[in-house]
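Before anything else, here's the structure in question.
Coordinate-derived values only; no laboratory data. Being a predicted model, the structure only gives us computed values, none of them experimental. Glycine gets a Cβ as well: all are built from the backbone with ideal geometry, and neighbour counts include every protein chain shown.
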Amino acid sequence: MTASADVRLTQYAAGGGCACKVPPGELERVLANVVPAGGDDLLVGVENGDDAAVVRIEAGPDGRSRAVVLTTDFFTPVVDDPYDWGRIAAANALSDVYAMGGEPLVAVNLLAWPRDRVPFELAAEVLRGGADVARRAGCHLAGGHSIDDPEPKYGLAVTGIADPARLLRNDAGAPGVPLTLTKPLGLGVLNNRHKATGEVFPEAVAAMTTLNRDASRAALAAGVVCATDVTGFGLLGHLHKLCRASGVSAVVEAAAVPYLEPARASYAAGYVPGGSRRNLDWVRPHLDAQVSEDELVLLADAQTSGGLLVAGEVPGYPVIGELVPAGAATITVR
């Protein structure tokens, strides 16, 4: 029996994955008192809660303007397998660059580990998983930082490159544009069930380790200018932020939203992350809900390494609604 099989990493953390994020309402109250440092070359900062910071830099040798995309993301174990956790955390961190329309260039590891409680050889498996995903993304991975910590945590700080004239921003949505979702929902529910029971859901691991690279490139090729990724604040939470930043409202067709196959049955069995209910509480005042409470909780489900929510039609992915002129409700769910 290997050390990996003997240890359930999810049992060493109170939360898991992006469901352990600070609740969005609390985070916004804190950030309201922070005065960011910036200048004319800071193209995307904290003002709209976008997925990454973007800074314009000098033109390259070819004369084309360039921008640097910077982000960081790390979290506690979302699955027990250390290699899979490393892959998921790396794909999730890289997603923020893809969500801005960029390409990751270089990343460094962020690792926290309870050395006296969990074999350190498992940390090597986490790092191996992260390295394999970075390699698949064509992103250099070099060094990083580690600390001794009561809870295991892993992620990446990522630097990417983008064309400043072809960014995907969350403040560029316009009425009449369809909404496309590039990965199915239900990851929070399935990860919660995995943590509680030890059951493994290969379809969830496959979704979380899928890079958003192809979806991002397809969105740019389709002329899209507005997108975000769906992670810890759930579909409704991230859509609310996009609508608020863009000054629009949205209509979501609940029946069009795709879910991983075991998600609804797992929800019915009571496996719901606390973060999902907090997401719904935060966005509820801005909803016109014409569906059941259960449907709303699933739409607010806290995702880990979810897909892109794109304001535009992207070939090969489902359209789940549209942006409309600003109204009394930010989001109508029907």
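7 Å from Cα along Cα→Cβ at both Ile161 and Ala329: what's the point-to-point distance in nm?
4.6
Put a dot 7 Å past each Cα toward the Cβ at Ala206 and Asn48; how far apart are the dots in nm?
Between Asn48 and Ala206, the label points sit 3.5 nm apart.
Length gain on complete extension for the stretch Glu58 to Ser292, per 0.36 nm per residue less the alpha carbon to alpha carbon distance?
Roughly 79.1 nm would be gained on extension.
OK, next. Note down the magnitude of the dipole of the chain about its Cα centre, charges +1 on Lys and Arg C-beta and -1 on Asp and Glu C-beta and zero elsewhere, to the nearest 20 debye.
That gives the chain a dipole magnitude of about 80 debye.
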